[in-house]
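Data first, discussion second: the structure below is written as structure tokens.
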Amino acid sequence: LLDRARARGSRVVLYRTPEGPSFRALAAAAEPRVAAYLAGLGVPVLEPTGEWAEADFADGHHLLRPAAERFSRQLGAEIGR
């Protein structure tokens with residue numbers, strides 16, 4: 001997909017979605033490998049900012065509506081730069 005986008009001259013930016021504390025703890029061991037993989041893609045990767053509490057998520061990974069709205073505003077501001 002990235003190759004096709006580049007071939008068409010499209011600008012690509014990846015945005016990682018927020019993760020709750022429990023999800024981050026489960027995936028902590030894999031984070032260095034994930035970071036290395038993303039760095040190897042050669043495209044900018046934006047990370048969510050701010051604190052994300054367990055109460056923001058239905059299951060540690062899927063945002064509940066109020067947090068999803070906050071994330072959408074944050075994403076819009078990042079894209080608008």
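Which condition from (1) of a type in the set (D, E, K, R); (2) open to solvent by 70 Å² or more (accessible area, probe 1.4 Å); (3) at pLDDT below 90 is the one that E78 breaks?
Going through (1) of a type in the set (D, E, K, R); (2) open to solvent by 70 Å² or more (accessible area, probe 1.4 Å); (3) at pLDDT below 90 one by one, E78 breaks only (2).
Of everything in region 40-52 that's under 15 Å from Q74 (Cα atoms), part of a loop (DSSP other than H, G, I, E, B) and out of contact with any Ser or Thr (no Cβ under 7 Å at 6 or more places or on another chain), which residue is most open to solvent (accessible area, probe 1.4 Å)?
Step by step, filter region 40-52, then rank; the result is E51.
Only one of G9, G20 is among the small types (G, A, S) and within 14 Å of the chain's Cα centre (by Cα); which?
G20
Picking from A68, A55, which residue would you name as being over 13 Å from the mean Cα position of the chain (by Cα) and part of a helix (DSSP H, G or I)?
The conditions single out A55.
Checking Y37 against (1) open to solvent by 80 Å² or more (accessible area, probe 1.4 Å); (2) farther than 27 Å from L1 by Cβ; (3) among the hydroxyl-bearing types (S, T, Y): exactly one of these is not met. Which one?
Answer for Y37: the failing condition is (2).
For region 1-34, enumerate the residues that are part of a strand (DSSP E or B) and exposed (fewer than 10 other Cβ atoms within 10 Å of the Cβ).
Across region 1-34, there are no qualifying residues.
Which pairs have Cβ atoms under 9 Å, sit 6 or more apart or on different chains, and link a residue in region 36-51 that is without any contact (Cβ under 8 Å) to a residue 60 or more places away in the chain to one that is basic (K, R) and open to solvent by less than 60 Å² (accessible area, probe 1.4 Å)?
L38/R16; V45/R16; L46/R16; E47/R16; P48/R16
Tell me yes or no: at least one residue of region 58-71 is surrounded by fewer than 10 Cβ atoms within 10 Å (Cβ to Cβ) and within 22 Å of S10 (Cβ to Cβ).
no
Taking interchain pairs and intrachain pairs at least six residues apart, which have beta carbon atoms under 9 angstrom, with the first residue in region 2-29 and within 18 Å of E51 (Cα to Cα) and the second in a loop (DSSP other than H, G, I, E, B) and of a type in the set (F, W, Y)?
So the pair list comes out as P18/W52; E19/W52; G20/W52; P21/W52; R24/W52.
The values are calculated or read from the model by the stated rules, or taken from the named source; none is laboratory data. Predicted model, so just to flag it, every value in this text is computed and none were measured. Ideal geometry is used to build each Cβ from the backbone, glycine not excepted, and the neighbour counts take in all protein chains shown. Accessible surface is based on the protein model in full, side chains and every heavy atom, while ligands, DNA and RNA are left aside. Shrake-Rupley method; radii C 1.70, N 1.55, O 1.52, S 1.80 Å.
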